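Reading through the structure tokens given below for one structure.
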Amino acid sequence: MKKLFLLIVVCCLFSSAYSLESNTTNSGLIINTWIWEKSIGGNSNPYTATPKTIGFNKKVVFTNNGRVITYKNNVEIRNSTYTIEKGVGFFDQLEHDLITFEGKTYVIENIDNQNLTIVSNNPDASRTIYKR
């Protein structure tokens with residue numbers, strides 16, 4: 001009986017550790033202030049926009065309580081929610097971390113301590129690059 005109980009406990013521990021590992025996303029890395037560097041349009045609408053070409057600065061602040069605050073020239077213009085979850089990318093049909101905010105869903109293409117690149121998860125596939 002003790003062996004069966006021990007086996008159940010061990011199985012539960014391994015199952016819990018596996019489920020925690022498989023559900024990890026980039027949500028911890030996203031929490032910070034990100035300054036917009038440039039946007040690049042997709043194939044159907046090729047363009048490159050930067051703060052210099054557009055005439056304003058933009059930054060987004062992702063908070064640990066699921067809020068994203070958008071600033072234009074250091075003036076808050078939007079305060080909304082965001083979610084990060086696993087999902088399928090439009091172009092490659094592979095699983096990615098997806099972030100949804102301000103009514104749009106993006107594939108998190110790259111994220112590290114200094115860089116964030118998101119790509120709209122639709123046929124346009126415009127790319128937005130932020131720096132810390």
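The values are calculated or read from the model by the stated rules, or taken from the named source; none is laboratory data. Treat the numbers as computed from the prediction; the structure is a model and nothing was measured. With ideal geometry, Cβ positions are generated from the backbone for all residues, glycine too; neighbour counts draw on all protein chains shown. Surface accessibility is based on the protein's heavy atoms, side chains included, excluding ligands, DNA and RNA. Shrake-Rupley method; radii C 1.70, N 1.55, O 1.52, S 1.80 Å.
Diagonalise the Cα gyration tensor of region 93-132 and give the resulting equivalent ellipsoid semi-axes, square root of 5 times each eigenvalue, largest first, whole Å. Numbers along the way, then the final one.
Working: eigenvalues 57, 26, 18 Å².
Taking √(5λ) for each Cα gyration eigenvalue gives 17, 11, 9 Å.
For region 23-72, the solvent-accessible area of protein heavy atoms averages 58 Å² per residue (probe radius 1.4 Å; ligands and nucleic acids excluded). Residues in region 78-87 carry Karplus couplings, in order, of 8, 9, 9, 9, 9, 9, 10, 8, 6, x Hz; the curve used is 6.51 cos²θ - 1.76 cosθ + 1.60 with θ = phi - 60°, and Gly or Pro positions show x.
Each Lys or Arg adds one and each Asp or Glu takes one away; over the other residues whose Cβ falls under 15 Å from the Cβ of residue 46, this sums to +1. Using θ = phi - 60° in the Karplus curve 6.51 cos²θ - 1.76 cosθ + 1.60, the 3J(HN,Hα) couplings for region 91-101 round to 7, 9, 6, 9, 6, 9, 7, 10, 10, 10, 7 Hz; x is entered for Gly and Pro.
For the pair residue 102 and residue 72, label points projected 7 Å from Cα toward Cβ lie 0.9 nm apart. Phi angles across region 105-117 convert, under the Karplus curve 6.51 cos²θ - 1.76 cosθ + 1.60 with θ = phi - 60°, into 3J(HN,Hα) values of 10, 10, 7, 7, 7, 8, 8, 8, 5, 10, 10, 9, 10 Hz, Gly and Pro given as x.
Checking the Cα-Cα distances for 38/59; 86/131; 59/86; 38/104 against a 21 Å cut-off, the pairs over it are 86/131; 59/86. Here the simple spin-label model places points 7 Å from the Cα toward Cβ, and for residue 95 and residue 48 these points are separated by 3.6 nm.
Seen through its C-alpha gyration tensor, with square-root eigenvalues sorted a ≥ b ≥ c, region 46-132 comes out oblate because a/c lies at 1.5 or above while a/b is not bigger than b/c.
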